[in-house]
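Contents: one structure, followed by commentary.
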């Protein structure tokens, strides 16, 4: 845990951050481009109780999005105009601080980017960066599929569990992977999907609407929608983020690359019926 200090351009506003940020990110949306006059905003998410300002007052600009109607507040120094922090009613416990206002901005590394679809085409990302085409509430994971984020470390601060929504159109398939030391439960909210699992993806389980599957930690797996209709999963991991300790098993890619998209019957059924869960 590290303490960070910073302030505005003229020095009137000063602050202390009592620890490292929950997440440091670049936002490439059009609002952030216009608000900062740069290619993207460099932000750091904190809980308000970990941010300490001096007695200087900040002015506030209230912005309401014409797209979804939600508002955010931009707080800036009245003397020099430096944007110091941004807050929202949607996440009242959060305080987004501007990385560039730190006395030593190089002490924090950005490794997550949002709204890359709206970003400048000449902006490049690091090989290990997590890049979301839109908001992190809608993101492409290392699994090769796009999630609608729900409860996680990034959205609520959860550390021991996360739950996200995974819609998969017909023919969609995840990349083979496993989570080291992390268990997975997936519930089929809509449609059906075949899950390939096992050390060599030798087992196949067809999960239908209203059923769920449990994947133990360290077991390679990959869901594949072999049907002609969209399916929607509710996916739970025993960690704060479904990207935690995720390892790709690229040596198994050939199995799914050669997959003929036809419905597979269950080879090894590890489904848990709803009535069994209720009774237990």
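The values are calculated or read from the model by the stated rules, or taken from the named source; none is laboratory data. Quantities reported herein were computed from a predicted structural model and do not represent experimental measurements. Cβ sites come from the backbone with ideal geometry, for glycine too, and all protein chains shown count toward neighbours.
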Checklist entry - Taking segment 15-43, which residues are in a loop (DSSP other than H, G, I, E, B), in contact (Cβ under 8 Å) with a residue 60 or more places away in the chain and farther than 14 Å from residue 4 by Cα? => result 28, 29, 39, 40
Item to check | residue 175 vs. criteria assigned to a loop (DSSP other than H, G, I, E, B), assigned by TED's automatic domain parsing to the domain that holds residue 30 and either in contact (Cβ under 8 Å) with a residue 40 or more places away in the chain or in contact with a helix residue (DSSP H, G or I) (Cβ under 6 Å, 6 or more places away or on another chain) (or both) | outcome: no
Checklist entry - For segment 44-120, list the strands (runs of 3 or more DSSP E) that sit wholly inside it and hold at least 2 residues that are closer than 21 Å to residue 132 by Cβ; which are they? => result 83-88, 94-98, 112-114
Next on the checklist: Take the residues in segment 146-161 that are out of contact with any helix residue (DSSP H, G or I) (no Cβ under 7 Å at 6 or more places or on another chain) and in a strand (DSSP E or B); name whichever of them is modelled with the lowest pLDDT.
Outcome noted: 148
Next on the checklist: Exactly one of these conditions fails for residue 24: (1) surrounded by 15 or more Cβ atoms within 10 Å (Cβ to Cβ); (2) over 27 Å from residue 121 (Cβ atoms). Give me its number.
Outcome noted: (2)
Checklist outcome for this item: Checked segment 27-51 for anything surrounded by 14 or more Cβ atoms within 10 Å (Cβ to Cβ) and over 23 Å from the mean Cα position of the chain (by Cα); matches are 35, 36, 51
Item to check | residue 143, sole failed condition from (1) part of a strand (DSSP E or B); (2) in contact (Cβ under 8 Å) with a residue 60 or more places away in the chain; (3) within 30 Å of residue 118 (Cβ to Cβ) | outcome: (1)
Checklist entry - Within segment 86-95, which residues are under 14 Å from residue 27 (Cβ atoms) and surrounded by 22 or more Cβ atoms within 10 Å (Cβ to Cβ)? => result 86
Next on the checklist: Suppose we filter segment 182-196 for residues that are crowded, with 22+ Cβ neighbours inside 10 Å and free of Cβ contacts under 8 Å to residues at least 40 places away in the same chain; how many remain?
Outcome noted: 1
